């Protein structure tokens, strides 16, 4: 019932957002998850694995069966007979139960449970991968939109510079070379603007594919003020604080990361299979109870004479060379799983350290580029005023304008680069709520 209510709520929300003109990041995440074929396939795999688990449980219960037989004769010592006159049929009901097999049924049941949990972990990995993908696509689209806006502003500055150069060329205040440089600068800025448009179109198309939308929606801007505290903290973090932060993150990741959990489950499954191979040397004993209660013949009709019996069967394996070979293969698989777990742990530690340094570097870059951009903007305004008053040359104005667009793009890249690195760190920590990750980064969540 909870699943039905959840998917009904998702359907209502998705239907509402599909008709909306503007969506925010949270809505984009829900749309991407609802549109993900990978997650839908994992849901089917989980259900299939749960059914396999039930089948293993049912195999431990008594086996019921009903058997029937019929016979007719067409010839005896006196000659040919009418087969219908010799028809004889009977039915038998039997119950069989394995009494002893060295606990192999319970081991198989444990393996089935691990297989189901393994699929769930794979689904969780796909879930956070999907979240990271839609985050990156959303941020890339916003970054492209901001870059297009900056390119448009830069183009307008180049157009203004060119118009002023044309006037001054007509009045003999600049030479032909300066005018051609202004013209070339305008053409270059226009080309950059067109490229920024194509990049935005491409990024929106990628986002629409993830969201399952036919038309690109208007994207709500990110409120960077909500990240100011963690940006300031990470940009000024000390080496000792980095070590403490790494320990906090590793503690959270080692408990929740689905990839590491998957390695643990693979190790456990290999261990159970190794134990199961050892139990193949154990004899098995089964018991069967049968009863015949219904007979019919062409001559005597129906009869309800009861007959029954009880049988015990056993099996002792003697092909020890086959069992030994299977046992050795299981041992190799188990040893490999142990090494894979150690490798997964080392790989995850390395990935965490790299991601942590990346998010710190991006925070430092964001603050630095923001301060630099502020200085460059004031310098550009000063140069523009001097250019209007014919106190600065065309080349000075072009240099100032180029520096402005370069630093503005640096600031845009570092801003959304910080958000993307934060999303990567959240995926590693397997956290749905970004606010919890920020609390963990700042040391306010243990």
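The values are calculated or read from the model by the stated rules, or taken from the named source; none is laboratory data. What you see is a predicted model, and the numbers here were worked out from it, not measured in a lab. Virtual Cβ from ideal backbone geometry, glycine too; neighbours counted across all protein chains shown.
State whether the residues of the stretch 8-15 include one that is at pLDDT 85 or above and farther than 14 Å from residue 207 by Cβ. No, the conditions are met nowhere in the stretch 8-15. Determine whether the stretch 19-26 contains at least one residue that is part of a helix (DSSP H, G or I), modelled with pLDDT of 85 or more and surrounded by 10 or more Cβ atoms within 10 Å (Cβ to Cβ). Checked the stretch 19-26: at least one residue is part of a helix (DSSP H, G or I), modelled with pLDDT of 85 or more and surrounded by 10 or more Cβ atoms within 10 Å (Cβ to Cβ). Checked against the criteria, residue 210 counts as in a helix (DSSP H, G or I), closer than 27 Å to residue 413 by Cα, in contact with a helix residue (DSSP H, G or I) (Cβ under 8 Å, 6 or more places away or on another chain) and touching a residue at least 60 places away in the same chain (Cβ under 8 Å). Of the candidates 232, 268, the single residue that is over 30 Å from residue 154 (Cβ atoms) and in a helix (DSSP H, G or I) is 268. Counting the residues of the stretch 421-431 that are under 12 Å from the mean Cα position of the chain (by Cα) and over 17 Å from residue 139 (Cα atoms) gives 2.
Just for the stretch 213-229: of the residues that are part of a helix (DSSP H, G or I) and in contact (Cβ under 8 Å) with a residue 40 or more places away in the chain, which one is farthest from residue 162 (Cα to Cα)?
Going through the stretch 213-229, the residues part of a helix (DSSP H, G or I) turn out to be 224-229.
Subset that is in contact (Cβ under 8 Å) with a residue 40 or more places away in the chain: 224, 227, 229.
On the way: 224: 36, 227: 40, 229: 43 Å.
Restricting to residues being part of a helix (DSSP H, G or I) and in contact (Cβ under 8 Å) with a residue 40 or more places away in the chain, the top hit is 229.
Among the residues making up the stretch 385-400, those that are within 14 Å of residue 185 (Cβ to Cβ) and part of a helix (DSSP H, G or I) are 387, 394, 395, 396, 397, 398, 399, 400.
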